[in-house]
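Note sheet for the following structure.
The values are calculated or read from the model by the stated rules, or taken from the named source; none is laboratory data. Note that the structure is predicted; figures quoted are calculated from it, not measured. Cβ coordinates were reconstructed from backbone atoms using ideal geometry, including for glycine residues, and neighbour counts include every protein chain displayed. Accessible surface is based on the protein model in full, side chains and every heavy atom, while ligands, DNA and RNA are left aside. Shrake-Rupley method; radii C 1.70, N 1.55, O 1.52, S 1.80 Å.
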Amino acid sequence: MRLPQIMSTSFFAIGRLLIGALLLVETTASAVFASSVDQLTDLTGKAIVTVTLTGRDNFNSEYRYDLTVRNRSNDPFIADSLIVVLEKITNLAGEDREPLKSEPLIHRFEVVGQDGETEDGKPFFRVPVGTNPDLSPLTDSPPFSIRIRNKDYVSIFTPSFRVYGKKRLPAEPKAANTQPQAGSAPQDRTDRLIQLLLKKGVITEEERKTIQP
């Protein structure tokens, strides 16, 4: 059965609105997360990345690595704020740029399954959160995998990473409760009550003198 023209037009318009709304949500979410990445602290040195080569696909020139992040500092890190950024890739000679074009070698590689890019275009990965909301001092994050494809089929290269995130701020000490001197608080309350009654005209000055000579 063919739908009336007016109904077809309405469904088409609704569909466009839904698609537009989804795109807007996706774009907004990406912008918010990108902004939050820029606000993270460079924790490299206080947090180190252990990299283990776990697999190699010669046909696609793809390498699989398992990564873990270790907190070497005395401060806990907020676990769900941690990301690992692929900072650079170096060749066998330790160089991170092409000799002729002086372009970063990282541009010759394809990173598979990255969670996003920094403002300067470097791929990053979110560090998985374990059972603890913090990555405590001298503990390791759960392992996670990354895949790098080498477009030039160079057999030896080394990826280098940096860690970004936020420290858990120490809880502010509670202010000590100062105990009032015995007998002073009730007397103060009585004086304030009498002054209020005087102001409202409930009692006179003469009556006040009989209550509070």
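For segment 86-114, give me each residue that is in contact with a helix residue (DSSP H, G or I) (Cβ under 9 Å, 6 or more places away or on another chain) and either within 20 Å of V37 (Cβ to Cβ) or open to solvent by less than 80 Å² (accessible area, probe 1.4 Å) (or both). Step through it out loud before you land on a result.
Step one: of segment 86-114, the residues in contact with a helix residue (DSSP H, G or I) (Cβ under 9 Å, 6 or more places away or on another chain) are 86-91, 95-98.
Listed by number, the residues that qualify are L86, E87, K88, I89, T90, N91, D96, E98.
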(request) Filter segment 52-77 down to residues that are crowded, with 16+ Cβ neighbours inside 10 Å and of a type in the set (V, I, T) and give me whichever is nearest to the chain's Cα centre (by Cα). (result) V69
(request) Those residues that are over 17 Å from R70 (Cβ atoms) and surrounded by 16 or more Cβ atoms within 10 Å (Cβ to Cβ), I need them from segment 118-145; list them, please. (result) T118, K122, P123, F124
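Under the condition of being part of a loop (DSSP other than H, G, I, E, B) and within 25 Å of L138 (Cβ to Cβ), which residue from segment 33-51 is least open to solvent (accessible area, probe 1.4 Å)? Walk me through how you get there before you give the answer.
Just the residues of segment 33-51 that are part of a loop (DSSP other than H, G, I, E, B), to begin with: 39-40, 43, 45-46.
Right, trim to within 25 Å of L138 (Cβ to Cβ) and you get 40, 43, 45-46.
Values: L40: 29, L43: 3, G45: 47, K46: 93 Å².
Per the criteria, the residue is L43.
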(request) Can you give me the ranges of the strands (runs of 3 or more DSSP E) entirely in segment 56-140 with at least 2 residues that are aromatic (F, W, Y) and in contact (Cβ under 8 Å) with a residue 40 or more places away in the chain? (result) 62-71, 123-126
(message) Name the residue that is modelled with the lowest pLDDT, counting only residues in segment 178-206 that are open to solvent by less than 90 Å² (accessible area, probe 1.4 Å) and under 50 Å from the mean Cα position of the chain (by Cα).
(response) P180
(message) Among the residues that make up segment 118-137, is at least one of them at pLDDT below 90 and among the aliphatic types (A, V, I, L, M)?
(response) no
(message) I'd like the full set of residues that are over 30 Å from H107 (Cα atoms) and not aliphatic (A, V, I, L, M), limited to segment 118-139.
(response) G130, T131, N132, P133, D134, S136, P137, T139
